[in-house]
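**Q** Got a structure for you, written out below as structure tokens; questions coming shortly.
Readers should treat all values here as calculations from the given coordinates under stated rules, not as data from a laboratory. What you are looking at is a predicted structure, and each value in this text was computed from that prediction instead of being measured. We place every Cβ from the backbone using ideal geometry, glycine too, and count neighbours over all the protein chains shown.
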Amino acid sequence: MEVRDASGGLAFRFVAAAAAGGGGGGGRALLDAAGGVLVTVRSGEVMGEWQAFRGNSLDYKDIIYTAKSISVCSNRNEVHVFMPPRSNFQDTKASYRLIGNTSRRACTIISGDSIVSQTNLLYKLKKVVYSTRKFRVTIYPGNDTLLVMAMVMNFFMEK
């Protein structure tokens, strides 16, 4: 999966962590346009949980966040993201919530009562069939682009 900026230039790519030179444990890596690994996301010990780490690291000192999938219903997914030092699931208040539908490429990232980012399909006028391969990511000002892209990768690519 690739992410392009508004002018069409490559901004980020998502690849299997092993392809990016990451350690064992599978997962995915978020790369910059030059191919440098920015974030590695791997599955947790329990199904539906993930951890995100800086660069190629899988060391807990480099953890960015932990995430837990909450099954709401078949057409609506919810993921709770916990940031350090609250990066375990014992704290009931998530730092971020991702709510949406993966098949429709729709996701809203919420922090507290504020919307951080939204994704939606690219619709074209007079086009009957819409591709689910291309979608728009809107990141609102004052939010960390890298963190948002890692969470979007989590939401749409991890099973």
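**Q** When Phe135, Phe82 are ordered from fewest to most other Cβ atoms inside 10 Å of their Cβ, what list results? Provide the component values of the computation, followed by the final result.
**A** Working: Phe135 18, Phe82 21.
Exposure proxy ranking, most exposed first: Phe135, Phe82.
**Q** What does the charge count near Asp144 come to, summing +1 for each Lys or Arg and -1 for each Asp or Glu among other residues with Cβ under 15 Å from its Cβ?
**A** Values: positive: Arg54; negative: Asp32.
Net charge in that neighbourhood comes out at 0.
**Q** Turning to a different aspect of this structure: By the gyration tensor of its Cα atoms, with a ≥ b ≥ c the square roots of the eigenvalues, what is the shape of the range 29-108: rounded for a/c under 1.5, prolate for a/b over b/c, or oblate? Display every interim value, and only then the final one.
**A** Values: a/c = 2.15, a/b = 1.27, b/c = 1.70.
Verdict is oblate for the range 29-108.
**Q** Ranked highest first by the average count of other Cβ atoms within 10 Å around their residues, in what order do 33-40, 148-155, 6-13 fall?
**A** 148-155, 33-40, 6-13
**Q** For the residue pair Arg54 and Thr138, what label-to-label distance in nm results when each label sits 7 Å from Cα along the Cα-to-beta-carbon direction?
**A** Spacing of the two 7 Å Cα→Cβ label points: 3.2 nm.
**Q** Here's a follow-up. Round to the nearest 0.05 the FRET efficiency obtained for Ile70 and Ala33 when R0 = 41 Å and r is the Cβ-Cβ distance.
**A** Once the sixth-power term is evaluated, E becomes 0.80.
**Q** Excluding Cys107 itself, what net charge comes from residues whose Cβ is under 12 Å from its Cβ, given Lys and Arg +1 and Asp and Glu -1? Show your work: numbers first, answer last.
**A** Numbers: positive: Arg76, Arg97, Arg104, Arg105, Arg136; negative: Glu78.
Local net charge: +4.
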